[in-house]
Amino acid sequence: MDLLDCLDTTWSGAVVYVDEGVKKDLSRPYGRVNRKQLKSKMLQKCITNGVKFHQSKVTNVVHEEANSTVVCSDGVKIQASVVLDATGFSRCLVQYDKPYNPGYQVAYGIVAEVDGHPFDVDKMVFMDWRDKHLDSYPELKERNSKIPTFLYAMPFSSNRIFLEETSLVARPGLRMEDIQERMAARLKHLGINVKRIEEDERCVIPMGGPLPVLPQRVVGIGGTAGMVHPSTGYMVARTLAAAPIVANAIVRYLGSPSSNSLRGDQLSAEVWRDLWPIERRRQREFFCFGMDILLKLDLDATRRFFDAFFDLQPHYWHGFLSSRLFLPELLVFGLSLFSHASNTSRLEIMTKGTVPLAKMINNLVQDRD
């Protein structure tokens, strides 16, 4: 994607702490995106290619047979052949026709200057599910045993680090104050004294839920188009990869005035079809199945799940996390995960996954081109 210059730090690998006694080394490099650099690069590409900006709030879109009119709060009206909604989870223009009841990933993170930390600066901490730091906080430990959180950490140096306490997925989502309490207890236990916070972030990410109405006149991308990975909360890489697909589809189907180009509903329908082909919809259905299982796992069950998950061949857990596996391989992934799981974990997957599995199969059968 020509975006390597937007990575401000990279690590040769990562680690996962399943519990106090189990640590897994992941031989996969990781990088941290410099958001300001990425935004600057995207804006510069827009300017170079003659994109015009208008800063206002869209209050309405009026659709005619061949074109649409975007109505702005400042009175400006913009004519468009196709309208693209990238407003995220506010879902301002894209329509949904099914109840919206997602899971929520909630996280609190800081980039901080610290006296020191116990982590290897050459590896990022992908997940730390240890809970010994809560031994002195019985109420917090009890809550964490039911709906667990993990630490995600990126050490930049011996005294500068990104630290984030994350609830992978819950419904309803955890309170931000709860996340912050757990993080404070963890940092105290790890002996991490924060001298200065350079920046902080509070994340609440809806995960799963139904796709928007397919097709519809307004085209969506990103969160408003249901593109968040329902099992992980990842979206940026998937959206960046989808952007050229949407752009090329619009150019291809819009064509030139002299060609047999498409307009209106037909144009939008073809763009939606390229954005959400049947393979991607089936893939997402499987990911939603994974989310429905994760929603039911307590701390011990979550540990057993990820102990088996990261024992898989890297091709499978890489592909699952990066949305590169499609349904045939995802079925092999599921069987492989089941075979690697402990007997206790297998029983948990069967008892807590039966209803989600039936739901997934029903949705797959009903979803046809």
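The values are calculated or read from the model by the stated rules, or taken from the named source; none is laboratory data. All of these numbers come straight from a predicted model, not from anything done at the bench. Positions of Cβ are backbone-derived with ideal geometry, glycine not excepted, and every protein chain shown enters the neighbour counts. Each accessible area value is taken on the protein alone, full model and side chains, heavy atoms only, with ligands, DNA and RNA left out. Shrake-Rupley method; radii C 1.70, N 1.55, O 1.52, S 1.80 Å.
Descriptive notes on the structure:
- Residues satisfying the stated conditions in the stretch 284-300, i.e. outside any loop (DSSP other than H, G, I, E, B) and out of contact with any Ser or Thr (no Cβ under 7 Å at 6 or more places or on another chain): ARG284, GLU285, PHE286, CYS288, PHE289, ASP292, ILE293, ASP300
Each row is one residue, and each column tells you yes or no for (1) part of a loop (DSSP other than H, G, I, E, B); (2) among the charged types (D, E, K, R); (3) touching a strand residue (DSSP E or B) at 6+ places or on another chain (Cβ under 8 Å).
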residue	(1), (2), (3)
PHE53	yes, no, no
SER56	yes, no, yes
GLU65	yes, yes, no
VAL71	no, no, yes
GLN95	yes, no, no
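- Residue among ARG196, ARG182 that is farther than 30 Å from ARG282 by Cα, crowded, with 21+ Cβ neighbours inside 10 Å and basic (Lys, Arg): ARG182
- Residue match in the stretch 112-135 (condition: open to solvent by 40 Å² or more (accessible area, probe 1.4 Å), without any contact (Cβ under 8 Å) to a residue 12 or more places away in the chain and either aromatic (Phe, Trp, Tyr) or not in a helix (DSSP H, G or I) (or both)): yes
- Residue under evaluation PRO244, criteria (1) open to solvent by 20 Å² or more (accessible area, probe 1.4 Å); (2) under 30 Å from LEU163 (Cβ atoms); (3) in a helix (DSSP H, G or I), criterion not met: (2)
- Cβ pairs under 7 Å, 6+ apart, first in the stretch 179-199 and of a type in the set (Asp, Glu), second assigned to a helix (DSSP H, G or I) and open to solvent by less than 50 Å² (accessible area, probe 1.4 Å): GLU181/LEU140
- Residues located in the stretch 30-51, provided they are assigned to a loop (DSSP other than H, G, I, E, B) and surrounded by fewer than 12 Cβ atoms within 10 Å (Cβ to Cβ): ASN49, GLY50, VAL51
- Pairs with Cβ under 6 Å, 6+ apart, first in the stretch 30-43 and aromatic (Phe, Trp, Tyr), second open to solvent by less than 70 Å² (accessible area, probe 1.4 Å): TYR30/TRP11; TYR30/ALA14; TYR30/MET124
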